[in-house]
Amino acid sequence: MTATHDGTPRLIVADLDGTLLHDGATFEERFITQRSIDTVRRMHDAGYRFAIATARPVSTGLAFADKLPADAVIYLNGALIDFRPAESDYALLTGERPAAEGHLLKIGFSSSRACEVCRFLLDEMPGLKLGIVMDDVRYTNFDVSVYWKTQTWRYTDFTDVPEGVADKLIIFPEPGQWDRLRALVPPDFDVHVSEGSMWMLMSPQANKEHAMRILCDRMDVPLTATAAFGDDLIDIAMMEESGLGVAVANANPKVLGIADEVCPANNDDGVAQWIESHLLR
């Protein structure tokens, strides 16, 4: 699939939190409106491809993916890509049952390496709140329910984490710890900061822009025929990589600064409004 003769994008990639989802009093209360669902369905029925790109894990992202006609879903900021969402369920996406070849792509690092890094950071910065995300379980030294009420987690001292492929490290540093922490991040990890507070240490190949390039290759869609919607700093590279980067009006000022276009805010169904006016005229 390629761009139309007038340059209209053929693949739409949208972030969830702060972009496609409305805000809520808590993380769990964020929601997608029926207008957005119906608009994306109409767009998909008209022949456009659609993908979700979120930092959410499967446990909190799958319910939204199931509401939408997604051709692919990028979870965990690019550490997990689902190429066949219509055939997926929680057990398959979290490794409880095997996936067919080509169904999923996981980009991570060994849990033993993850534990090594966590112990190193704690030696250097005692009391740092951090953890490992693997197969939708968070192995942490803090109470995860402070941030997310429904996510599965286990206390650990990072000596008893099962063997496997970890998706990312999560860290909640205090503002005064940022400079010190940044200096300690090992060179085999990239840092992504979500919503101004949660640090994610990930494989350098696990990010939204790399995942979008993979999708374009799989779908035979040139990057120039994509439009990417976002609001947060972790969306910038994806938006810059796409043919058209669209920020919602509520986006971080740095995101607004690099955007090709700005659509209405997430709480005004901005993505749906843009689709209606640009693709469903």
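The values are calculated or read from the model by the stated rules, or taken from the named source; none is laboratory data. Just so it is clear, the structure is predicted and the values come from calculations on it, not from any experiment. Glycine also receives a Cβ, built like all others from the backbone with ideal geometry; neighbour counts cover every protein chain displayed.
The single residue among 82, 66 that is crowded, with 22+ Cβ neighbours inside 10 Å and either free of Cβ contacts under 8 Å to residues at least 40 places away in the same chain or under 17 Å from the mean Cα position of the chain (by Cα) (or both) turns out to be 82.
Candidates in the range 28-37 are the residues that are free of Cβ contacts under 8 Å to residues at least 24 places away in the same chain and assigned to a helix (DSSP H, G or I); of these, the one that is nearest to residue 152 (Cα to Cα) is 29.
Residues checked against (1) outside any strand (DSSP E or B); (2) more than 21 Å from residue 48 (Cα to Cα); (3) touching a helix residue (DSSP H, G or I) at 6+ places or on another chain (Cβ under 9 Å):
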{"site": "228", "(1), (2), (3)": "no, no, yes"}
{"site": "234", "(1), (2), (3)": "yes, yes, yes"}
{"site": "245", "(1), (2), (3)": "no, no, yes"}
{"site": "273", "(1), (2), (3)": "yes, no, yes"}
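When both residues are 6+ apart or on different chains and their Cβ atoms are under 9 Å apart, which pairs have a first residue that lies in the range 187-213 and is farther than 16 Å from residue 18 by Cα and touching a residue at least 60 places away in the same chain (Cβ under 8 Å), and a second that is of a type in the set (Phe, Trp, Tyr) and in a strand (DSSP E or B)? So the pair list comes out as 188/109; 189/109; 192/199; 202/109; 203/109; 206/109. The residue that is farthest from residue 20 (Cα to Cα), counting only those in the range 214-226 that are outside any helix (DSSP H, G or I) and out of contact with any helix residue (DSSP H, G or I) (no Cβ under 7 Å at 6 or more places or on another chain), is 220. Selection within the range 96-121: residues that are in a loop (DSSP other than H, G, I, E, B) and of a type in the set (Asp, Glu). The member of this set that is nearest to residue 58 (Cα to Cα) is 96. The set of residues in the range 247-271 being in a strand (DSSP E or B), closer than 24 Å to residue 24 by Cβ and touching a Phe, Trp or Tyr at 6+ places or on another chain (Cβ under 8 Å) consists of 247, 248, 263.
Rundown of residues vs (1) crowded, with 19+ Cβ neighbours inside 10 Å; (2) at pLDDT below 95; (3) not acidic (Asp, Glu), yes/no style:
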residue	(1), (2), (3)
231	yes, no, no
242	yes, no, yes
258	no, no, yes
268	no, no, no
277	no, no, yes
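Residue-wise test of (1) over 18 Å from residue 271 (Cβ atoms); (2) not assigned by TED's automatic domain parsing to the domain that holds residue 21.
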| residue | (1), (2) |
| --- | --- |
| 39 | no, no |
| 43 | no, no |
| 56 | no, no |
| 60 | yes, no |
| 122 | yes, yes |
| 131 | yes, yes |
| 141 | yes, yes |
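On the given criteria, is residue 74 modelled with pLDDT of 95 or more, buried (at least 19 other Cβ atoms within 10 Å of the Cβ), in contact with a Gly (Cβ under 9 Å, 6 or more places away or on another chain) and outside any loop (DSSP other than H, G, I, E, B)? No: the conditions fail for residue 74.
I'm checking my understanding of the structure. Among residues of the range 141-183 that are under 16 Å from residue 122 (Cβ atoms) and among the aromatic types (Phe, Trp, Tyr), which one is surrounded by the most Cβ atoms within 10 Å (Cβ to Cβ)? This residue is 158.
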